[in-house]
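Asks: Structure below; questions to follow.
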Amino acid sequence: MDDKASVGKISVSSDSVSTLNSEEFVLVSGLGDETPSTNNGSDDEKTGLKVISEEGVSFKIVGNGSEQQLQQELEDVLMDPSVTELVGGPDHLGGVKHGYPTTAVPLRSGPIPPKLEIVLPIQGAQESELNERSYRDEPSDLSPGTPVPDEDSVVFSKLTYLGCASVNAPRSEVEALRMVSILRSQCQMPLDVTLSVPGVSEGTVRLLDPQTSTEIANYPIYKILFCVRGHDGSPESDCFAFTESHYNTEIFRIHVFRCEIQEAVSRILYSFATAFRRSANKAPLSAKASPDSDVFTFTVSLEIKEDDGKGTFSAVSKDKDRQSFKLRPGMDKKIVIYVQQTSNKELAIERCFGLLLSPGKNVKNSDMHLLDLESMGKSSDGKSYIITGSWNPNTPQFQAVNEETPKDKFMYMTTAVDLVITEVEEPVRFLLETRVRVCSPNDRLFWPFSKRSYTESFYLKLRPMENKERKSNSDTLYEVVSLESETERERRKTTASPGIQSCGSHSSTVPSPPEDDEEEDNDEPLLSGSGDVSKECGEKILETWGDLLSKWHLNLAVRPKPLPALVRSGVPEALRGEVWQLLAGCHNNDHLVEEYRTLITKESPQDSAITRDINRTFPAHDYFKDTGGDGQDSLYKICKAYSVYDEEIGYCQGQSFLAAVLLLHMPEEQAFSVLVKIMFEYGLRELFKQNFEDLHCKFFQLERLMQEYIPDLYAHFLNLGLEAHMYASQWFLTLFTAKFPLYMVFHIIDLLLCEGISVIFNVALALLKTSRDDLLQMDFEGALKFFRVPVPKRYRSEENAKKLMELACSMKISQKKLKKYEKEYHTIREQQEQQEAPIERYERENRRLQEANMRLEQENDDLAHELVSSKIALRKDLDNAEEKSDALNKELLITKQKLVESEDEKRRLEEESAQLKEMCRRELDKSESEIKKNGSIIGEYKQICSQLSERLEKQQTANRGELEKIRMKVEGCEKCSILFSKEGRLKVLRTPKEGSEEDTDEEKEALKNQLREMELELAQTKLQLVEAECKIQDLEHHLGLALNEVQAAKKTWFNRTLTSIKTVTGAQGKESV
């Protein structure tokens, strides 16, 4: 739901989680976590435990009792009034929504504030189980183990961090509880930590080391999306967790903690609620400027760049006529923002903490998507700031601006930049709404276009802050009064009926514009759903409501006695969803919830009327104004479900307004249940029955009450002929929800659910009484116009509406008096019927039947038109079906033909496969025979080699023997031994005697001859040896070749077979051709 509506959803069912949109904070608690406290903040007589709240209210709790008493008193402390402003107690935390911007907010730095301690005089293990410290703006002594945060915070010790995990649905209670259960059961190494929760939305949640107080991790509040605790009675009842956006918006993690004292879980969740709540306390940027404010003018330009495919980004062009950017789908883009101050004292921009983008116009803050910020710096001339962010249009959230736009059409795109200005207290958001067209990639995007950027001027009104308003060490000099663009100024000047300016932050309410004569004279009626409702409420009031709800939940069948008085003052906005369900008796509505889920699947006979009325319901409210949006979708389902549920009444005009009011405070299922209760048990459906007979009775009762309370106005209306049904029909049928501002509408529903439908008379009389002076001066037409336009407008002021409701509650209208008037009405009706002449009665009946006949004829014409249209549509569908059937028959014939061809091909391939197998078998046999043959050759070769080796050895042995014999002979011969040495070499000897020279020469000659023969024989032996070795080498070479051939034959026979098959097949094909 839109944050600007300033309405919270409170439900005792966890189903509320499923109805929340994408950027809202939710706190979910199991039912019945603790016994609610009845301490209303005034029990000053107790002593022991003392807590001082932020506003200085002190609470004292007895601390000298037993352990159970101590825990009970601690539960009372956990009912902190500073956070019950949003919840009614620890049992009713589920489903509270706190709107908050998606952008970051800078932390406020300041001096170290003092601490407020919870002092427990009891000695023991529980002395430090719940250690809270609140920090203020005055210095104090801090213990060595106390962390020193930068902002107001509450510190919780004795916690165990169980770990974190990634989650796909960060706002799903079911998935969060599942992860809590898993991490609690599977955590192997839990970590003792101290948790520091800030008191403001600009702060940061910190995890601290309990021993050294050093920071372990921190999570800014604006990144925390969801908080949940374990259900009561389950093992996870002492655990809580929160989900946060990790690094960017597409990665989410859940962090799980366990508390040693279970009651501390509620207090921790309350602290988170306080941080979320205080995000709405900022003054909106569009609030009315004070007379002493200064105006600072900024010029902001937008440029879009696309990837040109060359590694660079080029600026896209704009259409000359439509002034719209021309984009191409699927291309990476960059957003470039130029910010330049053009007037007044120069303000320094410290940093940009958010560049956001969303398709559409007038988008909600929660629909903006954060882009990746690439850079920020000053231009070369130093006059402007340049912020650049990358944009991937292929992500699902940008699908609308990534699809080709129809010809002659365009769409809107909203860009926002959040800036921190050094001397300004709060961040400033500049919002740019531009036209874009997504063109075909083939379109020419250069010559027909002019400038390439969009420029808008903004007027920032600031008010200088006084010294007492500033932080002691802060550089803040100004606070924002308003921020307005040039477009908004022109629109405001040209619009006759000024509306409420939207602001950058949706988390705070915008005050209603003051009433003036110009608006009173405007003929345009106030749109339904106008006005904003603030969640701000006094602490005492919230504390009182918290105590009442705690007691009420103990016995839901009996309403507490103080309830009517509290309801007359108005139910706090944050509690309305829960209180309305309890007042209507919907605390146990499971059967209606299940029935609703069945009803929305059925067809409604009044679907066209429902669809027509949905677009006219609350058009001024952001949640319902978008056609096809979440609000209209939920409203359609509720109205459709009721029309099916109540077949007698079905859907009647006006039901959608009441359903929309309920839907603003609770999920669809609970809204449907309360609607059923109001229609059946509060008697609203009786007004629609029997030709609105009961409604005419209400008109008669109202006129009789006017005659008693405002006789002069009654007489004036009687003279004018102005009857109650002319101005009060919508008051009764829609319970004032159709035309009046929401603040007044919600208060009326408070009273109606508490006191019954008779409250409508109180409000109607109060309206007539406050407008008495004006109505007495008007004629018939003027009075009707007055009821239609000025009356609803004057109650846009919350003060006027409060005065009206106080007057309505002060008027005492007894049920006995209403019963008396009802009897008078029926008596008069009976007398009229008796006194009426038969002819007149028949004429009246005839007119009624004629009107019914005309209505039925009109319905018949409509049905006939629908029938003809349906027949034409059916004829077209039939023709299309026949064409499709013919095309399918043709495809079937083609498929059958392909099937026959495939079967033939299959048979041919099977035959070829058989032939191939046969060829493979033959080749295999042939290869085996060759292998055997080669094996025998190799065996013979080895045998020959062995024989040659034996012969060679024998020859060598014989040669060595002969040589040995020769050597022995030489050694045995005296002459030869002289000539030869032992090694067989020839000796050179000197001749001793000349006489024996001739004998010696002969012997020498003989020996030489013998030696030559021996050398010759030796040479022949060596030659034979060499030849044998050559033969051996040759045989080994042949053996290697044979082995290679065998291996090659084993590898290539299949390839050769396939080649031969292909050759044969090709030859056969050529012959057949």
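No value in this document is a laboratory result; all are computed from the given coordinates. It should be emphasised that the depicted structure is a prediction, and the values quoted were computed from it without experimental measurement. Positions of Cβ are generated from backbone atoms using ideal geometry, with glycine treated the same way; all protein chains shown enter the neighbour counts.
Asks: Over the range 522-654, one equal point on each Cα, no solvent: what is log10 I(q)/I(0) by the Debye formula at q = 0.12, 0.16, 0.18 Å⁻¹?
Replies: Log10 I(q)/I(0), no solvent term: -0.70, -1.04, -1.12.
Asks: Quick one: Cα centre-to-centre distance for the range 859-873 and the range 250-273, in angstrom?
Replies: Distance between centres, Cα-based: 60 Å.
Asks: If we count every other residue with Cβ under 12 angstrom of GLU845's Cβ, Lys/Arg +1 and Asp/Glu -1, where does the sum land?
Replies: Numbers: positive: ARG841, ARG844, ARG847, ARG848; negative: GLU833, GLU836, GLU840, GLU843, GLU851.
Summing Lys/Arg as +1 and Asp/Glu as -1 gives -1.
Asks: What does the extension gain come out to for SER314 and GLU962, with contour length at 0.36 nm per residue minus their alpha carbon separation?
Replies: 222.8 nm
Asks: Assuming R0 = 41 Å, can you tell me the calculated FRET efficiency for the pair ILE251 and LEU909, based on Cβ-Cβ distance, to the nearest 0.05?
Replies: Efficiency for this residue pair is about 0.15.
Asks: Quick one: 3J(HN,Hα) in Hz for the range 335-349, Karplus 6.51/-1.76/1.60 with θ = phi - 60°, rounded, Gly and Pro as x.
Replies: Each residue of the range 335-349 in turn: 9, 10, 10, 10, 10, 9, 8, 10, 8, 6, 4, 5, 10, 8, 8 Hz.
Asks: Order 578-587, 360-369, 616-625 from most to least packed using the mean count of other Cβ atoms within 10 Å.
Replies: Top of the packing list down: 578-587, 616-625, 360-369.
Asks: Determine, for each peptide in 255-264, 197-206, the mean count of other beta carbons within 10 angstrom over its residues, then list the peptides with the highest first.
Replies: The most tightly packed comes first, giving 197-206, 255-264.
Asks: Past 29 Å, Cα to Cα, is the threshold; run LYS625/LYS689; LYS540/LYS677; LYS318/LYS383; LYS785/LYS817; LYS333/LYS378; LYS637/LYS802 against it and keep the listed order.
Replies: Cα-Cα > 29 Å for LYS625/LYS689; LYS540/LYS677; LYS785/LYS817; LYS637/LYS802; rest within.
Asks: Label 7 Å along Cα→Cβ of LYS785; the range 724-742 residues with amide nitrogen under 18 Å?
Replies: So the set is 727.
Asks: If you don't mind, another one. By per-residue mean of other Cβ atoms within 10 Å, what is the highest-first order of 391-399, 160-168? Walk me through the intermediate numbers first.
Replies: On the way: 391-399: 14.6, 160-168: 16.6.
Peptide ranking by packing, descending: 160-168, 391-399.
Asks: Any chance you could tell me what percent of the C-alpha pair distances in the range 319-418 go past 19 Å?
Replies: 51
Asks: Pop the C-beta distance of LYS803 and ALA557 into the FRET formula with R0 = 41 Å and round what comes out to the nearest 0.05. Don't skip to the answer; put the middle values down first.
Replies: Numbers: r = 36 Å, r/R0 = 0.87.
The computed FRET efficiency comes out at 0.70.
Asks: Separate question: Can you tell me what percent of all Cα-Cα pairs in the range 606-760 are more than 22 Å apart? Please list the in-between numbers first.
Replies: Working: 5187 of 11935 pairs.
Within the range 606-760, distances greater than 22 Å cover 43 percent of Cα pairs.
Asks: Given the Cα-Cα distance of GLN653 and GLU1027 and 0.36 nm per residue of separation, how much length would full extension add, in nm?
Replies: On the way: separation 374, 0.36 × 374 = 134.64 nm, distance 12.36 nm.
My answer for the length gained is 122.3 nm.
Asks: To continue, here is another question. Could you go through the range 1028-1044 in sequence order and give the Karplus-derived ³J(HN,Hα) for each residue, using 6.51 cos²θ - 1.76 cosθ + 1.60 with θ = phi - 60°, rounded to whole Hz, and x for Gly and Pro?
Replies: 4, 5, 5, 5, 4, 4, 5, 5, 4, 4, 5, 4, x, 4, 5, 4, 4
Asks: How much length is gained on full extension from HIS1038 to ARG489, taking 0.36 nm per residue of separation minus their Cα-Cα distance?
Replies: 187.1 nm
Asks: Something else now. Provide the three semi-axes, in whole Å and in decreasing order, of the ellipsoid equivalent to the range 338-389 as defined by the square roots of 5 times the Cα gyration tensor eigenvalues.
Replies: Equivalent-ellipsoid dimensions as semi-axes: 25, 14, 9 Å.
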